[in-house]
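Data first, discussion second: the structure below is written as structure tokens.
The values are calculated or read from the model by the stated rules, or taken from the named source; none is laboratory data. If you're wondering where the values come from, they're calculated on a predicted model, not measured in any experiment. Here Cβ is always computed from backbone atoms with ideal geometry, including for glycine, and neighbour counts include all displayed protein chains. Accessible surface is based on the protein model in full, side chains and every heavy atom, while ligands, DNA and RNA are left aside. Shrake-Rupley method; radii C 1.70, N 1.55, O 1.52, S 1.80 Å.
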Amino acid sequence: MLAALPLLLGLPGTALAAPDAPEIPFTERYRVVQHGGIARAANSVITCLAPAVPDAVPCPEARAGAGGTNGDYEMTYIDVDDDPNTYNSSRADLRLPAGSRVTLARLYWGGNLRAGEQKPAEDNARVLFAEPGGNYKEVLADTVIGHRPTAVDDGFTASADVTDIVRYASSGAYTVAQLNVAMGHSPVGAWGGWTLVVVYEHPDAPLRTLSLWDGWRTVGDHGGGAGGASPPNS
């Protein structure tokens, strides 16, 4: 499995060249000393459609937490918006204390490009992002993208600065769409999702050193190198 910790300024409508790397050393991207904390919102854009192997528990039970892995199922896209032009989308609530001021917001996304289909890696650097009550904005990865194809999967992770969007929207339900992941069945699983990491300042919070690190590297192996993007840690 590949781990993605908080990595890649999404400038809407601007084409940025973000090179790929099979591994990216973990480094500190952001540090601040302030009264405040770190909040996150995250979701998947792919879910169970039907069992693909004998004895797999039914999808509703798997989604409720019963035993099972993505590799046991035919997987399909989540699409929660009402936009016919998006093929996947998911939503999650960002919860910040009332009166908070956002000092940094970074969006991370990633997944597996190879399952029942093979998605083009050229689309890894772009997603659509909407703040609570807002319209989609194109967000482009701003630094190196972690991308590691193997014999059994094709994993990637990317990220972008979305501070200017989140700072004025603050708490509420954020939506991410058009995340470049493959649906279908693979023995190592189809997966894909996103995490929004927000550093905030609040006068009633303790004085803290808040630090955000990110990178991309192998932390395990399944059948020759299964890749996956895990949620950022900070």
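Quick rundown of the values:
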item	result
Condition broken by Trp216, with the remaining ones in (1) surrounded by 18 or more Cβ atoms within 10 Å (Cβ to Cβ); (2) at pLDDT 95 or above; (3) within 27 Å of Arg31 (Cα to Cα) satisfied	(2)
Index of the failed condition, Arg91 passing every other in (1) open to solvent by 50 Å² or more (accessible area, probe 1.4 Å); (2) among the basic types (Lys, Arg); (3) under 22 Å from Arg29 (Cα atoms)	(3)
Single residue of segment 94-128 satisfying the filter (over 17 Å from the mean Cα position of the chain (by Cα), of a type outside the set (S, T, N, Q) and under 29 Å from Tyr168 (Cα atoms)) that is most open to solvent (accessible area, probe 1.4 Å)	Arg95
